[in-house]
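Step one of this worksheet: look at the structure below.
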Amino acid sequence: MRRYHYIRIRRIDTEARYSRDEQTKRDRTCFSCCEMRSSGAIMKSVGSNNEQEVCVPVASDNDLMTARREGREMARQLGFSACEGTLVATAISELTRNIFTYARHGKIHIRPISNSTRRGITVVASDLGPGIADTRLAAQAGYSTCGGRGLGLPGVRRIMDEFDISSRPGRGTTVTATKWKRP
Amino acid sequence: MNAPTLEWAVGPDGFHGECATVSAVAMKDAPDMLAERYWAILQEYLAYSSEASLSRGYELARQALVDDCGVLEFAEIHHGALRRLSAEACSDGRTLGAASDFFAECLSPFEMSHRGAQEGARALRHLNEVLEGELRRIAQTLHDEAGQLLASVHIAVADAASDLPPKERGRFEKVAGMLTEVETGLRNLSHEWHPTILDDLGLLPALEFLAQKVAKRAGVDVSVRGDSGARLPAAVETALYRIVQEALNNAIRHAAARSVRIELQCTPYTVKCSVCDDGRGFDANRPPHTQGLGLIGIRERVSALGGSLRLVTEPLNGTTIQTEIPLGG
């Protein structure tokens, strides 16, 4: 079993209290379930709330399309507005771009979540690339290959409601971003 | 319909290859080629409504943004595509709906960028508040503690002098005189840094007070005109005070102005402030380095409050700085 050190920056949403340990466990499970990098392979599994989770290994543009489609479809099923669905797809695009740039391949895990009042979508992007030495910096404005236009990881942090990076140099990166449905 | 055919490579290399082509296109023949690409991908989306087209549209818009395409410019490209659609008589309700879905997808990078700018402005506003607080603290300490200390030195000097014969006393009086000068200097500095008059009486009286001081100190003619209406939000008052202070500084120190006019104008929705000097001005396209920092400071204060800044200047013809800050936002 791999061990990860979690350096967390979390925009804490007080209403979202799903267990961090459980999430960590899920991340690991996912790593073991699909470390393949073949195009088009999607794994769907039924989560604890009887809802379907999707895991898309990403190594090509086709995979990106698949991940975006799955994300948008899940948003639609959960009753998100089209605009929110677009933001989820955007987050998937930016997270995948990040994987392509730094690790070449990885995977996107999309899962529906809920707490007592709301439902939402969590997108987990993980790779086994070189990792990020300073995750705090990576989520800040200015740290970007696009000259500080607010795209990339900082952009994802802003269009989603919760955002979290854990990474360790040499051991890959996992970015978790959640979007809640507007009440 | 004769749309340019697009070839899309697969994989990370293809991904970046595509970005590179779009970038080169946007740089060279923008915005015509950008419009052509947009049109081609839009048609692809209208024909197949596939996620791939949405993703391409997104990447196209993202690259356009990186290449400094504005959101209005991009909207114009979309309108151009709509005009083409209606010219080709394929603009039924469903097509138009799909086209606007596609357009929304392309606006997503701009949305991200917009949120980034908003966050930046918030951070800047916060930073200004922190700096202002710090300045206040220093000014207060200077005023209270150094002032207290100087007062005790005064008493000690007077005390020491009183025991001396009148001949020697003269020298101590000189020292006392110098101490008074230091005291006045410190008090002035402290008032300029932390203008209590701004808190107590508002912007216009504070500007008048500042103008008087600066006029006396630098020997220039400074006039203040404006309506002293209701009090403005504290952040706006402080920002405008600092902007005028900086502009006055520039006018005297760099532009060698002989007279400066300050005007303040309040409406229910905005406050306008202009500082106009008759100094030597400069080439607006190449602001001198020494002045650069002051101007950047002014610009940042204005943009943190969502306002606008206009700089009118040319060599030998004076400088006018106009700011407009929205109220109640």
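The values are calculated or read from the model by the stated rules, or taken from the named source; none is laboratory data. From a predicted model like this one, the values you see are computed outputs, not experimental measurements. Glycine gets a Cβ as well: all are built from the backbone with ideal geometry, and neighbour counts include every protein chain shown.
A few points about this structure:
- Residue that is under 18 Å from the mean Cα position of the chain (by Cα) and in contact (Cβ under 8 Å) with a residue 24 or more places away in the chain, where the choices are B:Ala257, B:Ala239: B:Ala239
- Take the conditions (1) over 19 Å from A:Glu84 (Cα atoms); (2) out of contact with any Phe, Trp or Tyr (no Cβ under 7 Å at 6 or more places or on another chain); (3) buried (at least 20 other Cβ atoms within 10 Å of the Cβ); B:Ser113 misses just one of them, which is (1).
- For the stretch B:81-94, filtering for residues that are surrounded by fewer than 16 Cβ atoms within 10 Å (Cβ to Cβ) and either touching a helix residue (DSSP H, G or I) at 6+ places or on another chain (Cβ under 6 Å) or not in a loop (DSSP other than H, G, I, E, B) (or both) leaves 6.
- B:Asp144 falls short of the stated requirement of being of a type in the set (D, E, K, R), modelled with pLDDT under 90 and assigned to a loop (DSSP other than H, G, I, E, B).
- Considering only residues in the stretch B:35-60 that are farther than 14 Å from B:Ala99 by Cβ and either among the charged types (D, E, K, R) or in contact with a Phe, Trp or Tyr (Cβ under 9 Å, 6 or more places away or on another chain) (or both), the one that is farthest from the other protein chains (Cβ to nearest Cβ) turns out to be B:Glu36.
- Within the stretch B:243-257, being assigned to a helix (DSSP H, G or I) and of a type in the set (A, V, I, L, M, F, W, C) holds for B:Ile243, B:Val244, B:Ala247, B:Leu248, B:Ala251, B:Ile252.
- Residue in the stretch B:70-87 that is within 14 Å of chain A (Cβ to nearest Cβ) and of a type in the set (A, V, I, L, M, F, W, C) present: yes
- Close pairs from the stretch B:106-124: first within 7 Å of chain A (Cβ to nearest Cβ), partner buried (at least 20 other Cβ atoms within 10 Å of the Cβ) and of a type in the set (Val, Ile, Thr), Cβ under 6 Å, at least 6 apart: B:Ser108/A:Thr86; B:Ser108/A:Thr90; B:Met112/A:Ile159
- Matching entry among B:Glu208, B:Glu181 (being in a helix (DSSP H, G or I) and surrounded by fewer than 12 Cβ atoms within 10 Å (Cβ to Cβ)): B:Glu181
- Failed item, numbered, when B:Ala121 is tested on (1) surrounded by fewer than 16 Cβ atoms within 10 Å (Cβ to Cβ); (2) not in a helix (DSSP H, G or I): (2)
- Unique match (being touching a helix residue (DSSP H, G or I) at 6+ places or on another chain (Cβ under 6 Å), farther than 24 Å from B:Asp283 by Cα and not in a helix (DSSP H, G or I)) among B:Val224, B:Val260, B:Val214: B:Val224
- Some residue of the stretch B:276-293 being assigned to a strand (DSSP E or B) and either more than 17 Å from B:Arg225 (Cα to Cα) or modelled with pLDDT of 85 or more (or both): yes
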